[in-house]
Amino acid sequence: MPVMSYIQAVTAALREEMQRDENVFVLGEDVGKKGGVFRATDGLFDEFGEARVLDTPLAESAIAGVGIGAAMYGLRPVAEMQFADFIMPAVNQIISEAAKIRYRSNNDWNVPMTIRAPYGGGVHGALYHSQSVEAVFANQPGLKIVMPSTPYDVKGLLKASIRDNDPVLFFEHKRAYRLLKGEVPEEDYVLPIGKADIKREGSDITIITYGLCVHFALQAAEKLAEEGIDAHILDLRTVYPLDKEAIIDAATKTGKVLLVTEDNKEGSIIGEVAAIIAENCLFDLDAPVQRLAGPEIPSMPYAPTMEKYFMINPDKVEKAMKELAEF
Amino acid sequence: MAAEKINMPQLGESVTEGTISSWLVRVGDKINKYDPIAEVMTDKVNAEVPSSFTGTIKELVAQEGDTIQVGDLMCYIETEESNTAKTSKETHQERESKLEDVQEDTVKDQSMKKRYSPAVLRLAQENDIDLEQVEGSGKHGRITRKDLEKIIESGTKPTKEKTTTMESSPSEENKKTDTTTAASKQSGPTSQPGDVEIPVTGVRKAIAQNMVRSKQEIPHAWMTVEVDVTDLVTYRNQIKDSFKQKEGYGLTFFAFFVKAVAQALKEFPQLNSTWAEDKIIQRKDINLSIAVAKDQELFVPVIHHADDKSIKGIAKQIHELAMKARSGKLTGDDMKGGTFTVNNTGSFGSIHSMGVINHPQAAILQVESIVKRPMIVNDMFAARDMVNLSLSLDHRILDGLVCGQFLARVKELLENMNENTINIY
């Protein structure tokens, strides 16, 4: 099995889906000739040509709008927002149109579109290149939000997103692009959207998180294993709608739950996870549900010291895990 | 001289590692700040890494071709500046924080011992585990779900039945009282046809509560002495008629006993005190509660400052309080402030009894019936007027020795009361 980086898995999924289904096409800023600012669409322009790898103007509303139209017409667009931070001009298209068209048209129309966007900090990207925007979309029935943590999950879930008959927001952590490497099968496979995945079995504390923070939690868990603390780690993978059953199982397993997100704490995805646990797991809980998240600050600061303060890292996760284990 | 580290810099967004394609310096080279020291290749860019310091290359840690994580060590540079001050400060801080850790560890804080999580309570109930006996491994002695899971797994459950201690957890205590009240509702005493049911209200209820409280809180102990009051009886019988005529109320034996007790309490203030958990309060004033019965009710009005009063004064006040009690005119002030109780059980013909202490006082003295009995005086039988004085004492405050001394003193005072020594005014 070849070892791939996170971003190579993105490219592999795109290439394989474009080869498999000629209705699949890519559009976005600089995705064509340049191959994307992060090189996610590297080589696709040469392989599939300008008709299926479209460079668009700097107009995110148009990228989403064109995608929605094409999808309703039967194509399977994969739109790239260069940074998740830039998705804001397209919010009206995504929430008012893409998310609602199936419901509004009584099943006559649907939008099989995937919107990819790199999110997250820790790369000196500052305000407009570091944000986590998933919470903005996480109460819009009709949308699905996928946020994978490993190259294996990236390939399987991106393929599933492209094949899904409804709009999927596919958020990729930009720091994970070249940081995370892992074995990815060459053959075709899909992973189910809406299913969380246990990344580590343990019996002392449960960590529920997603995206790059899964990686931090795994690192911290390895360290704490030396101290005899055995962590159970659940990767949400799909943050909307949430896999309630997996969340309840994981929380019940140890009764001590730490929720981690890089997003600002209040109103984040993990608040909903905490609510699910509160509704279902009272008599199994052995400690207050803990949340580790970014501070209530408008966005990622540029100064490295301040960025470090804002970002979640393995040390912070380890400290929170240890405190919970000792409670 | 100080060795500074040069770490792999971040060479672009999303770049997390870089491969050293070639070193541009060798060990021993003198370099200036911002001079390029190495060429680094990433999958996004090729770049030169500048030196962050002016100094001499001391050691190249990474080799050409090595892939280094962003932030990881590339090489050491020896600079002119001294940073010893900085390091010594750091170690000092470290040492301090370590000390704090140690102190925290040594203080065994058990404040979370009885804070049970929902999971712990559920497991304890389902498996009948007595949480009082479980050692908590959590923070500040908290019992964790894991602790219980381990106990359940091991199969050695500390259950309530196996213990002899009476300590129980709040939850279990609640459960116990719940079951007792439930049981009493179902199988408590029920009245048969013809029985009379008297609702427990008012004074009866207050008496019941006070008695229960006293018996539950105070560890009672008892002691009785026998006093020869022949002389006192002779004297009192001589003057009782003229006293009644003169003063308008009777001169009871009880007044003499109260006087003797007040005087002895002055000498043994230990008995004139109150238990207050972490301390014992010795009262300055000697205010003697006396028990006065009326129908189904029992009152304990108080003779304030009994030690200041003459026998006549005491007799007068006993008379007044008894009258008030019988006509239902006792006020709150009449009942307040008692520091010791003298109970005239002799008036009912009792010759021995064990009083319940009037909470929160330290002791109660029962003055029993005066009975003429054959006693041996100077190796001969003699008919003597004898009385028993029975003391109940709070054993938290008082011990046998001081109580024995107190009773001996009361006995001495009473036995020496005769027409030559007593001044009733």
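Table for the structure above
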read-out: Test: residue in the stretch B:344-354 that is in a loop (DSSP other than H, G, I, E, B) and in contact with a helix residue (DSSP H, G or I) (Cβ under 8 Å, 6 or more places away or on another chain); value: yes
read-out: Scan of the stretch A:284-301 for residues that are of a type outside the set (A, V, I, L, M) and exposed (fewer than 15 other Cβ atoms within 10 Å of the Cβ), ordered by number; value: A:Pro288, A:Pro295, A:Glu296, A:Pro298
read-out: Residue check for A:Ala278: within 14 Å of chain B (Cβ to nearest Cβ) and either closer than 24 Å to B:Gly138 by Cα or in contact with a Cys (Cβ under 9 Å, 6 or more places away or on another chain) (or both); value: yes
read-out: Residue that is over 23 Å from A:Leu157 (Cα atoms) and either of a type in the set (Asp, Glu) or over 20 Å from the mean Cα position of the chain (by Cα) (or both), where the choices are A:Asp85, A:Asp55; value: A:Asp55
read-out: Among (1) over 30 Å from the mean Cα position of the chain (by Cα); (2) buried (at least 21 other Cβ atoms within 10 Å of the Cβ); (3) farther than 25 Å from B:Lys316 by Cα - the single one B:Glu226 does not satisfy; value: (2)
read-out: Per-region count, the stretch A:115-130, residues within 14 Å of another protein chain (Cβ to nearest Cβ), among the aliphatic types (A, V, I, L, M) and within 13 Å of the chain's Cα centre (by Cα); value: 1
read-out: Members of the stretch A:64-81 that are free of Cβ contacts under 8 Å to residues at least 40 places away in the same chain and closer than 21 Å to A:Phe171 by Cβ; value: A:Gly65, A:Val66
read-out: Candidates A:Val37, A:Val3, A:Val31, filtered to the one that is under 27 Å from B:Thr16 (Cβ atoms), surrounded by fewer than 21 Cβ atoms within 10 Å (Cβ to Cβ), among the β-branched types (Val, Ile, Thr) and without any contact (Cβ under 8 Å) to a residue 60 or more places away in the chain; value: A:Val37
read-out: Among (1) within 14 Å of another protein chain (Cβ to nearest Cβ); (2) under 30 Å from A:Val190 (Cα atoms); (3) not hydrophobic (A, V, I, L, M, F, W, C) - the single one A:Glu245 does not satisfy; value: (1)
read-out: Condition check for B:Ile68: within 14 Å of chain A (Cβ to nearest Cβ), part of a strand (DSSP E or B) and on the phi < 0 side of the Ramachandran plot; value: yes
read-out: Out of B:Ile37, B:Ile6, sole residue that is surrounded by 17 or more Cβ atoms within 10 Å (Cβ to Cβ), touching a residue at least 40 places away in the same chain (Cβ under 8 Å) and assigned by TED's automatic domain parsing to the domain that holds B:Ile77; value: B:Ile6
read-out: Top-ranked residue in the stretch B:281-301 [being closer than 18 Å to B:Pro269 by Cα and in contact (Cβ under 8 Å) with a residue 24 or more places away in the chain; ranked as surrounded by the most Cβ atoms within 10 Å (Cβ to Cβ)]; value: B:Leu288
read-out: Filter result for A:Ile94 (buried (at least 24 other Cβ atoms within 10 Å of the Cβ) and part of a helix (DSSP H, G or I)); value: yes
read-out: Residue that is farthest from B:Ala47 (Cα to Cα) [pool: residues in the stretch B:1-34 that are within 14 Å of another protein chain (Cβ to nearest Cβ) and either in a strand (DSSP E or B) or modelled with pLDDT of 90 or more (or both)]; value: B:Asn7
read-out: Among (1) of a type in the set (S, T, N, Q); (2) touching a helix residue (DSSP H, G or I) at 6+ places or on another chain (Cβ under 6 Å); (3) within 14 Å of another protein chain (Cβ to nearest Cβ) - the single one A:Thr261 does not satisfy; value: (3)
read-out: Odd one out for B:Ser369 among (1) in contact with a Ser or Thr (Cβ under 7 Å, 6 or more places away or on another chain); (2) within 17 Å of B:Leu288 (Cβ to Cβ); (3) not charged (D, E, K, R); value: (2)
read-out: Leading residue by the ranking (surrounded by the most Cβ atoms within 10 Å (Cβ to Cβ)) among those in the stretch B:127-142 that are more than 10 Å from chain A (Cβ to nearest Cβ) and outside any loop (DSSP other than H, G, I, E, B); value: B:Leu131
read-out: Qualifying positions in the stretch A:253-288 - charged (D, E, K, R) and without any contact (Cβ under 8 Å) to a residue 24 or more places away in the chain; value: A:Glu279
read-out: Check on A:Tyr103, within 14 Å of chain B (Cβ to nearest Cβ), part of a helix (DSSP H, G or I) and touching a residue at least 12 places away in the same chain (Cβ under 8 Å); value: no
read-out: Condition check for A:Lys322: of a type in the set (Lys, Arg), over 28 Å from B:Tyr116 (Cα atoms) and within 13 Å of chain B (Cβ to nearest Cβ); value: no
read-out: The stretch A:2-28: number of residues that are of a type outside the set (Gly, Ala, Ser), part of a strand (DSSP E or B) and within 14 Å of chain B (Cβ to nearest Cβ); value: 2
read-out: Residues being of a type outside the set (Asp, Glu), part of a loop (DSSP other than H, G, I, E, B) and more than 21 Å from the chain's Cα centre (by Cα) - total across the stretch A:282-296; value: 4
read-out: Residue within the stretch B:355-376 that is of a type in the set (A, V, I, L, M, F, W, C), farther than 27 Å from B:Trp222 by Cβ, assigned by TED's automatic domain parsing to the domain that holds B:Ile218 and within 39 Å of the chain's Cα centre (by Cα) present; value: no
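The values are calculated or read from the model by the stated rules, or taken from the named source; none is laboratory data. Here the structure is a predicted model, which is why all the values come from computation and not from measurement. Note that we place each Cβ from the backbone using ideal geometry, even for glycine, and neighbour counts take in every protein chain shown.
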